[in-house]
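Working notes, structure below.
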Amino acid sequence: MSESSAIDKPGLRERKKARTRASIQEHALRLFREQGYEATTVEQIAEAAEVSPSTFFRYFPTKEDVVAYDALDPAVMASWRSQPPEMAPIPAIRRAMIEVFGSLTPDQVAEMMDRGRLLFSVPELRQAAINEMIRSGQMVADEMAVRLGRPPDDFELRVFAGAVMGGLLAALIPMLESGSVDMMTQLDRAFAFLEKGMPL
């Protein structure tokens, strides 16, 4: 008996992959909290997530990548694309970030903070953190290139992407350091400053 054609739809496959990826990352972060990053092995993560080590490596090429991977990037890009086309770039991405970050549950925020603290505190992860920021910045530049019909390596687009990433870091780093800063207030404040042209 053949399987339903619905099973083969890309949307369903992608959702299953996203669930597996999220499960692996969730168990990895839990183990890192419990026994430390260095002491945790890929085999332990795979066992906790009920997948094989080879499956782990299909989703995350290295142990560093399981921390660096940010599942929010595609959600922010999708929300940004859904904003009115006549909206200026900074207000559009500001609204997209407020929508996405504002929809997170307390557990999701805590997990994001765990990832951030690991990336900034574990020496072995610093290069992964830099690579992730570069990747996210390029994603912003690519999106702007599509919106404006310009090449993705356009200098002004790279400056724009750098400003966006800087605003995001300025909003999140105080939370990583103290945990007592309201993320949404900081995020809105950072992008309001960018939107005004960064007057000093």
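Please give the net charge around SER52, taking every other residue with its beta carbon less than 14 angstrom from that of SER52, where Lys and Arg add +1 and Asp and Glu add -1. It would help to have the intermediate numbers written out before the result.
Numbers: positive: ARG58; negative: GLU43, GLU47, GLU50.
Residues close to SER52 contribute a combined charge of -2.
Taking the chain as the reference, fit the longest principal axis to its C-alpha atoms, fit the long axis of helix 72-82 to the helix C-alpha atoms, and give the angle between the two in degrees, 0 to 90, nearest 10.
Tilt relative to the chain: about 40 degrees.
Let's see if you can work this out: charge +1 on each Lys and Arg Cβ, -1 on each Asp and Glu Cβ, no other charges. What is the dipole magnitude of the chain about its Cα centre, in debye to the nearest 20?
On the way: 23 positive and 29 negative charges, 77 e Å.
In debye, rounded to 20, the chain gives about 360.
Please compute the Cα-Cα pair-distance distribution of the stretch 47-98 with 10 Å bins starting at 0, giving whole percents from short to long.
Spelled out per bin, shortest first, that is 22, 31, 20, 21, 6.
Of PRO85, LEU200, MET133, which is farthest along the charge dipole of the stretch 70-200 in the positive direction, counting Lys and Arg as +1 and Asp and Glu as -1 at C-beta?
LEU200
What Kirkwood hydrodynamic radius, in Å, does the stretch 85-200 give when the mean of 1/r is taken over all pairs of distinct Cα atoms and then inverted? Don't jump to the answer; show the numbers that get you there.
Working: mean 1/r = 0.0659 Å⁻¹.
Over the stretch 85-200, the inverse of the mean reciprocal pair distance is 15.2 Å.
For the Cα atoms of the chain, what angle does the longest principal axis make with the long axis of helix 10-35, in degrees from 0 to 90, nearest 10?
80
Local charge sum around LEU72 (other residues, Cβ-Cβ under 12 Å, Lys/Arg +1, Asp/Glu -1)?
Values: positive: ARG115; negative: ASP70, ASP73, GLU99, GLU111, GLU132.
For residues surrounding LEU72, the net value is -4.
How would the chain be classified by its alpha-carbon gyration tensor: rounded, prolate or oblate, with rounded meaning a/c under 1.5 and the a/b versus b/c comparison settling the rest?
On the way: a/c = 1.95, a/b = 1.32, b/c = 1.48.
In terms of gyration-tensor shape, oblate.
Please report the net charge: other residues with Cβ closer than 13 Å to the Cβ of GLU195, K and R +1, D and E -1. Don't skip to the end; give the middle numbers.
Working: positive: ARG94, ARG95, ARG189, LYS196; negative: ASP188.
Combined, the nearby Lys, Arg, Asp and Glu give +3.
Rounded to the nearest 10 degrees, what's the angle between the helix 155-178 long axis and the longest principal axis of the chain, both from Cα atoms, 0 to 90?
60
Taking only DSSP H segments of four or more residues, each worth -39500 (n - 2.57), what value at 222 nm results for the chain once the sum is divided by all its residues, to the nearest 500 deg cm²/dmol?
On the way: 10 runs with 148 residues, N = 200.
It comes out at -24000 deg cm²/dmol, rounded to the nearest 500.
The numbers here are math on the coordinates, done by the rules we state, and not lab data. Predicted model only: the values in this text are computed from it and were never measured. Every residue, glycine among them, receives a Cβ derived from its backbone with ideal geometry; neighbour counts consider all protein chains shown.
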